[in-house]
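Remarks on the structure that follows.
Rule-based calculations on the coordinates, nothing more; no lab input. Since this is a predicted model, take the numbers as computed values, not measurements. Neighbour counts are summed over all protein chains in view; Cβ atoms, including those assigned to glycine, are modelled from backbone coordinates with ideal geometry.
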Amino acid sequence: MKINCMKTFLLLSLFSLTSCGSPKVVPISSYFDESLTFHEGYKVLQITDMHWSVNTDANHQGAYLENLVKKIAPDYIMITGDSLLGATTSTAEALIKVIENWNVPFGITWGNHDREGEYSPNWLSNRFKNVKNSHYNEVDDDVFGRGNYVVSLMDSTTKKAKWNLYSLDSNSYPQSYNGVYYNYDVIHEDQVNWFNQAAEYSKTQNGSEVPSLAYFHIPLFQWAYSYLENQDGLIGELLEKGSYKTGPKDLLDQFAKKNLLLKNWVGYKDTGFFDAGVSHNVRGFFCGHDHSNDWGSKYTSLKGTAFVGYGVKSGTELYYAHSTNRDFDVIGGSLSTLHGDGSFDLTHYYMQDDEAYTLIQEEVKGL
């Protein structure tokens, strides 16, 4: 009884500190990294869902990733979550060594599995923050999630941002929503408020809305809405074998009316991030999470139009798909090539896990 009472007291004390204390005042500029220089055709490679675990053959998977990066030769790499699953610190260190060997500037955002290891979330965040070439930023604030930050690609002449790359933590698993449990969490409302403040700050600093890409792990409702409108999309396929049967009822009903299965493993509600993003010139939204999906298309809301799409799962760990329509394994990376006019081209690179590291590509221009 004493132990239970003490636990209750500690939990109540923690709640009072976090809910009743004064909010932390953090300068919005502290979320921005302006150390990278833009050039025409700047290449941002999305790597996602590596899922390194205690069972991973680090030499084999490391060689795969090193060949992928070498063949594509990006200027910046954005890792969009689930890099680790059931990992030890040794597993994490082995992956970090591979990332350092790329010798390419990189950022990272977290997935729903990254923190499921023997280490603490603080250890993981601090370790990646201090890796060579890391642009990961975790500000000590009251905003939900870890690692909400902005990397600005700067014009060397005007010293103003030409593109912004937003990283947001789409979190892991919610406790419940109105008493109902869903599998996956979301980008929370206070994170959307944070994004709006960051975008307004960038607009003030640079004189206009800066074209941007947003990266996170769990897809938004707009992936599903867009798929309802156009199953073919602009690139890729939905190849997940399962379907989301416990997901948000309104989405399930819409899919049922069209005799479709919901294969976009979204969070439990729409918190408005898509509308906030397109209102501030986000041209593309990119996630991971659904390993077998590499589909992407445009979606239009009342606030505007942007591309929404999956990256390409990077490596063979846990599970992946083979596309019968295109006859190759859906593993590799997704490259966005940024232009000075605010448009970008998207190339999905599918690198086969064979002796030749055979590279196949599909492209969409002028997004």
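Quick notes
- Sites excluded, GluC sites (Glu not before Pro) in DSSP loops with at most 11 other C-beta within 10 Å, longest stretch of the chain: 41-354
- Two-site label geometry, Ala58 and Asp341: point separation in nm, points 7 Å out along Cα→Cβ: 4.7
- Karplus-derived 3J(HN,Hα), 6.51/-1.76/1.60, for each residue of the range 208-224, Hz, glycine and proline x: 6, 5, 7, x, 9, 10, 10, 10, 7, 9, 8, x, 7, 4, 5, 4, 5
- As a proxy for reagent exposure, ranking His60, His135 by other Cβ atoms within 10 Å from fewest up yields His60, His135.
- Rounded Å value of the spacing that divides the Cα centres of the range 41-85 and the range 293-367: 14
- On the beta carbon distance between Ser90 and Ala256, with R0 = 56 Å, the FRET formula returns roughly 0.75.
- Extension gain for the segment Val139 to Asn103, taken as residue separation times 0.36 nm less the Cα-Cα distance, is 10.5 nm to one decimal.
- For the range 185-193, 3J(HN,Hα) computed residue by residue from phi via the Karplus equation (6.51, -1.76, 1.60; θ = phi - 60°) reads 8, 9, 6, 6, 4, 6, 5, 5, 4 Hz, glycine and proline entered as x.
- Chymotrypsin sites (Phe, Trp or Tyr not before Pro) within the range 166-245, DSSP loop, no more than 16 other Cβ atoms inside 10 Å: Tyr181
- Length gained on full extension, Tyr201 to Glu362, computed as 0.36 nm times the residue gap minus the Cα-Cα distance: 54.4 nm.
- Matching label, volume of the Cα convex hull per residue in Å³ computed from the structure shown, candidates [x] 261; [y] 151; [z] 174: [y]
- Label-point separation, Thr158 to Trp123 (7 Å along Cα→Cβ), nm: 4.6
- Of the chymotrypsin sites (Phe, Trp or Tyr not before Pro) found in the range 264-349, those in coil by DSSP whose Cβ has at most 13 other Cβ atoms within 10 Å are Tyr319.
- Here the range 35-364 carries DSSP beta bridges of which approximately 60% are antiparallel, counting only pairs with both residues inside.
- Residues with amide H under 5 Å from that of Trp52, placed H, sequence gap 5 or more: Leu84, Leu85
- Label-to-label distance, nm, for residues given as Glu66 and Val26 (7 Å Cα→Cβ offset): 3.6
- Exposed trypsin sites (Lys or Arg not before Pro) absent - longest run of the chain, DSSP non-H/G/I/E/B, at most 11 other C-beta within 10 Å: 25-158
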